[in-house]
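Undergrad: Have a look at this one before I ask anything.
What follows draws every value from the coordinates through simple rules; no lab data is involved. Just so we're clear, the structure is a prediction, and the values are computed from it rather than from any experiment. Positions of Cβ are backbone-derived with ideal geometry, glycine not excepted, and every protein chain shown enters the neighbour counts.
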There are 2 protein chains.
Amino acid sequence: MTSTLEDHHPAARLRAVMESAATDDGTLPPLDGELLRAMALPDDLPETLGIAEVAELTGITAHTLRYYERIGLVTVDRDAAGRRAYDRAALGRVMFVTWLRLSGMPIASVGRYVELALEGPHTSDRRLAMLLEHREAVVAHLRELQTALAVVDYKITTYGGSCAG
Amino acid sequence: MTSTLEDHHPAARLRAVMESAATDDGTLPPLDGELLRAMALPDDLPETLGIAEVAELTGITAHTLRYYERIGLVTVDRDAAGRRAYDRAALGRVMFVTWLRLSGMPIASVGRYVELALEGPHTSDRRLAMLLEHREAVVAHLRELQTALAVVDYKITTYGGSCAG
DNA sequence: GGGTGGCTTCGAGTGCGCTCGAAGTCCTAG
DNA sequence: CTAGGACTTCGAGCGCACTCGAAGCCACCC
């Protein structure tokens, strides 16, 4: 199964989105609606994708995709031959899970979130609460990272000074 | 050894610095010279600190501080009774190591950096190179986190919409 | 029909970064 | 003098998130 995907679609969409946010210096561009639109999947995807294609599209290894399914983070149908066939919904869930993971949410929490989602729409306020709480954690982590970056930058600019570190 | 530190010095300086950068909404304040000055140690520290005081000051557990010493990330003198006595230099190194760790540098890399520092001033360009390279990694991570935050925010604002995740 | 390559399942292994517990030492307070 | 508590060393254990390998199935190509 060589990648017809590669011909018709930008590969590794998630990574592409991240790179699209890149600037040369250390400054961080604002993230706006444009970026979010860029994250949408192309319309002309095949009905279902094999695991290798999903791996390429998301940057997650096939091994890890199987692992995610095993522990219940995603549910994936099989084709006649017993192979995983990711439809758009499954792909969307994989990508969302991936973003949650990239944002630092522990696997156990992602699992609880998915569990709630599977229970039905009546859990939506609990899920929303989880996301809001998680958002705070992400913001805190961002702040921490920015501060640490400032310290590293300070060290870089004062290099040649003290050898304290 | 109850904390005389607590009376005379702001506790958990590292955490205090991070909290000083906090804002109520999700926006991130600029990190400027003011913040960097705030990170400096107070002048009226005792000559040496015990491990519990360093733990309180840095937010690193005593267990972890011992572990860091074991694996060579810091070197600490002993007092007459064989206890760790952190002088200003040692404390500075602990804090710098902590910032490197918080910025996501793996322990092995911190170890290599410290090794180079111990070799002498002639390794300063290699250390600078390490810091510059690490800086790129931190910036990349920041971008990734910001993008993931945008996705989470998107999900939050569109809640009640699709149940794709 | 035989080989190649990608998929399947399952369970076990890996790497990182702590984290803990046991057993002993030393100082201080009562 | 004795009890308590904070410290010491050492080695082992843990939690997380993968990551890998073995053994087998299935489709396609020569």
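Undergrad: If each residue's Cβ is checked for other Cβ atoms within 10 Å, how do A:Glu47, A:Glu119 rank with the fewest at the top?
TA: In increasing order of surrounding Cβ atoms, one gets A:Glu47, A:Glu119.
Undergrad: Name the trypsin sites (Lys or Arg not before Pro) in region A:81-163 that are in a loop by DSSP and that have at most 13 other C-beta atoms within 10 Å, would you?
TA: Counting only loop positions with at most 13 other Cβ atoms within 10 Å, the trypsin sites (Lys or Arg not before Pro) in region A:81-163 are A:Arg83.
Undergrad: Right, next: Could you tell me the calculated FRET efficiency between A:Asp87 and B:Glu69, based on Cβ-Cβ distance and R0 = 56 angstrom, to the nearest 0.05?
TA: Details: r = 54 Å, r/R0 = 0.96.
Approximately 0.55, to the nearest 0.05.
Undergrad: Counting other Cβ atoms within 10 Å of each Cβ, which chymotrypsin sites (Phe, Trp or Tyr not before Pro) in region B:70-139 have at most 11 and sit in a DSSP loop? Working shown, then result.
TA: Details: sites: B:Tyr86, B:Phe96, B:Trp99, B:Tyr113; in loops: none.
Qualifying residues, ordered by number: none.
Undergrad: Starting from the Cα of A:Glu119, step 7 Å toward the Cβ, then list every residue of region A:81-110 with an amide N under 15 Å from that point.
TA: So the set is A:109-110.
Undergrad: Ordered shortest first, which distances in nm separate the 7 Å Cα→C-beta label point of A:Ala62 from those of the other copies?
TA: Reported distances to equivalent positions: 5.2 nm.
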